[in-house]
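The values are calculated or read from the model by the stated rules, or taken from the named source; none is laboratory data. Because the structure is predicted, anything quoted here is derived from the model rather than measured. No Cβ is skipped: glycine too gets one built from the backbone with ideal geometry, and neighbour counts run over all protein chains shown. Keep in mind that these areas ignore ligands, DNA and RNA; they rest on the heavy atoms of the full protein, side chains included. Shrake-Rupley method; radii C 1.70, N 1.55, O 1.52, S 1.80 Å.
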Amino acid sequence: MQTGFETYKPMILNGTPDLHQIEVYEAEGGYEDLKKALQIPRSELVESVKKSGLRGRGGAGFSTGMKWSFIGKDKPRYLIVNGDESEPGSFKDRQIFEFNPHLLIEGCLITAYALEIKTCYIYIRGEYAKWIRIVEDALADSRKKGLVGKTLPGSDFSVEIYVHKGAGAYICGEESALMNSIEGKRAYPRLKPPFPAVVGLWGKPTIINNVETITNIPLIVRLGAENYAKIGAPDHPGPMLYGLSGHINKPGIYELPSGMLISDLIYKIGGGIPDGKKLKAVIPGGSSMPILRADMIDGVTMNAESLKKAGTSIGTAGMIIMDEDTDIVEAVARLTHFYHHESCGQCTPCREGTGWIEMIYQKFLRDEAEPRDIDLLLSICKQMEMRTICALADGAAWPVRFSIERFREEYEKHCKKPESPGWNYKMRAVSGV
Amino acid sequence: MKPSLNIPHTSNHGDSQTMPEGLQVFETQNTRNPSEIVFNDDDLAKIEEFKRRYPNQEAAVMPTLWLAQEKFGWLSQESIELVADTLNMPHADVFGVASFYTMYFKKPKGKLHVAVCTNISCQLCGGYEIYNFIRQTFGLENGEVTGDGKLSLEEAECLGSCGTAPVAQINNGDYMENLTLEKFKAFLKDKGIL
């Protein structure tokens, strides 16, 4: 499965200086894919995205072409590009905004043309003030060149693209919450079905794709679906933006073919772990994904199939690396605070569960927990998973569940010592948490 | 040196997220005279442009709140009512939106508002060293402002800059990346705070 990543030439973050300027982008052959796409019948474009095997890069990994083909017949339709990027460990969309915003705009235009969409919103989290400026400048340049908001060359079609600035809420990364946020409401996720592709923004058919997913669309047009599908792992093809953060010598975003070995990413690409320490754990795709122990990564590659076998998932491919001295309980405790803070409060299992979990973790941090608290955590997880409108509750429960499953001894270390008073909880009628 | 992972014990146990944190919001005094909280013609032209982006004008509430915050520094009750009246929306709806998002300030912040990311990647790389330094030096907790109004502190959730951790965001604007305690102290000295 390992493709020759040493010879791979990046296409999204190709390192050309000043690529965010439209002149440089055009000199590099920019907006040519758009012109090519405008000559292709719409149904053929959707078909080729399906055939390319492109899977959404925002976390769920659903087939993009399939999503497109579900779009309802009603009009107007909307395209939303999800650049809310708030999953801890993910910072890839930011690189696209900074280094190749025109590829994103080109992808939006092609997608909008293929699906007969006249309005596109790029939702960018409010914290990315600097990158919002870059994208807005790029949009203005593209407007001046007669692309955004104007009749596209060789067609009678025009697309308007707007940036919608978020204001700091992790939940807006969830697609239906994001729609409520654009509509000017509190960002509560909506019940599904109906899916956004049929009933979306203002009740109209809406396609929501991740920023990285959209930048892959011009590449599919350029290379052709068959050639695109040959890049990387067959079940999850294409270039992928891997993030490396935490205890790693060369943190950053690396564009490489999908299906890279986790060990290659850490040791060959990321330069290993600082101070020659040993690896303890990896979270492969943003904080919600199940954590892997160091002895679980042998031969595991970054594509859906292989990660599923290893007992985790790809998420956003933003890997968090932890060295041997990391206290897993402290690290997961910080995540429980995050999910408690970010739970929107709509569903009781999540609103209450995230709070209780955080509270119990504080007990572990004070070394006052009792062994049964470990099982209490697991039972709270069970009452949260799959019981809420959106997947935030699952995302909050998984780091807890899998870190207990895979690092139980660390939790036991944080329990009260048997000799300390009060340890024998069986002697108490009620033991408050 | 191994960065300290020491997490301050949080005290918001059992706080449900639906509890309107906003009820306290109105206790703080306004820094502006309410008569100064108005949009001028330039602002109204901008708001008209926001409205044109969406099929209904309710959707312009987020950009308009941003505009109000940038103009008035933070979102007082008067500013929120001004936004609501400008967009013909119920006050409660606009307050509902403003209170949902953390970047809309419902209380005045310090002249220098520092949001230090302490989420997992920053935590692993020493984010708490900087966060705890501010807590200890200025006696600030999450969300508090110093008595002289010069500095306020926030424990930020992931700022999306994990590759250059630890990170802090200044006044909802630019990031300070690859932070070290020395760099941060030098920054505060430069701003005349330390």
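Pairs linking a residue in region A:388-411 that is closer than 19 Å to A:E370 by Cβ to a residue that is at pLDDT below 95 and open to solvent by 50 Å² or more (accessible area, probe 1.4 Å), with Cβ atoms under 9 Å and 6 or more positions apart or on different chains, are A:I404/A:D375. Looking across region A:145-165, just one residue is among the small types (G, A, S), part of a loop (DSSP other than H, G, I, E, B) and out of contact with any helix residue (DSSP H, G or I) (no Cβ under 7 Å at 6 or more places or on another chain), and that is A:G146. Can you find even one residue in region A:326-344 that is more than 8 Å from chain B (Cβ to nearest Cβ), open to solvent by less than 20 Å² (accessible area, probe 1.4 Å), in contact with a strand residue (DSSP E or B) (Cβ under 8 Å, 6 or more places away or on another chain) and within 17 Å of B:Q123 (Cα to Cα)? There is at least one residue in region A:326-344 that is more than 8 Å from chain B (Cβ to nearest Cβ), open to solvent by less than 20 Å² (accessible area, probe 1.4 Å), in contact with a strand residue (DSSP E or B) (Cβ under 8 Å, 6 or more places away or on another chain) and within 17 Å of B:Q123 (Cα to Cα). Exactly one residue out of A:G285, A:G246 is touching a Ser or Thr at 6+ places or on another chain (Cβ under 8 Å) and over 21 Å from A:Y8 (Cβ atoms): that is A:G246. The lone criterion from (1) buried (at least 24 other Cβ atoms within 10 Å of the Cβ); (2) more than 10 Å from every other protein chain (Cβ to nearest Cβ) left unmet by A:E98 is number (1).
In the set (1) among the aliphatic types (A, V, I, L, M); (2) open to solvent by 70 Å² or more (accessible area, probe 1.4 Å); (3) at pLDDT 95 or above, the condition left unmet by A:V400 is number (2).
When B:I130, B:I80 are screened for being crowded, with 24+ Cβ neighbours inside 10 Å and closer than 19 Å to B:N171 by Cβ, only B:I130 passes.
With a requirement of 3 or more residues that are more than 8 Å from chain A (Cβ to nearest Cβ) and at positive phi, none of the helices (runs of 4 or more DSSP H) lying completely within region B:87-159 satisfies it. Of all residues in region A:351-383, those that are part of a helix (DSSP H, G or I) and within 14 Å of chain B (Cβ to nearest Cβ) total 16.
Of a type in the set (A, V, I, L, M), in contact with a helix residue (DSSP H, G or I) (Cβ under 9 Å, 6 or more places away or on another chain), surrounded by fewer than 20 Cβ atoms within 10 Å (Cβ to Cβ) and over 30 Å from A:H340 (Cβ atoms): is that true of A:L13 in this structure? Considered against the rule, which asks whether it is of a type in the set (A, V, I, L, M), in contact with a helix residue (DSSP H, G or I) (Cβ under 9 Å, 6 or more places away or on another chain), surrounded by fewer than 20 Cβ atoms within 10 Å (Cβ to Cβ) and over 30 Å from A:H340 (Cβ atoms), A:L13 comes out as no. Among residues of region A:37-65 that are assigned by TED's automatic domain parsing to the domain that holds A:I117, those with a Cβ under 8 angstrom from a residue that is acidic (D, E), sequence gap 6+ or separate chain, pair up as A:R42/A:E116; A:K51/A:E226; A:G53/A:D235; A:R57/A:E212; A:G58/A:E212; A:G59/A:E87; A:G65/A:E47. Restricting attention to region A:150-166 and to residues that are open to solvent by 20 Å² or more (accessible area, probe 1.4 Å) and under 29 Å from the mean Cα position of the chain (by Cα), the residue that is nearest to the other protein chains (Cβ to nearest Cβ) turns out to be A:Y162. For the condition touching a residue at least 40 places away in the same chain (Cβ under 8 Å), closer than 20 Å to A:S379 by Cα, crowded, with 24+ Cβ neighbours inside 10 Å and not acidic (D, E), A:M319 does not qualify. As a summary of the residue check, B:V38 satisfies the conditions (1) more than 13 Å from every other protein chain (Cβ to nearest Cβ); (2) at pLDDT below 95; (3) in a helix (DSSP H, G or I) except for the one numbered (3). Within region B:162-181, the set of residues being within 10 Å of chain A (Cβ to nearest Cβ) and crowded, with 18+ Cβ neighbours inside 10 Å comprises B:C162, B:G163, B:T164, B:A165, B:V167, B:Q169, B:N172, B:Y175. Scanning region B:50-70 for residues that are in a helix (DSSP H, G or I) and open to solvent by 70 Å² or more (accessible area, probe 1.4 Å), we see that the one that is farthest from A:K118 (Cα to Cα) is B:E70. The numbered conditions (1) assigned to a loop (DSSP other than H, G, I, E, B); (2) open to solvent by less than 10 Å² (accessible area, probe 1.4 Å) are all true for A:M386 except (2). Listed by position, the helices (runs of 4 or more DSSP H) inside region A:174-288 whose residues that are within 14 Å of chain B (Cβ to nearest Cβ) number at least 2 are A:175-182, A:211-223.
The residues in region B:108-127 that are closer than 29 Å to B:S76 by Cα and open to solvent by 30 Å² or more (accessible area, probe 1.4 Å) can be counted, and the count is 3.
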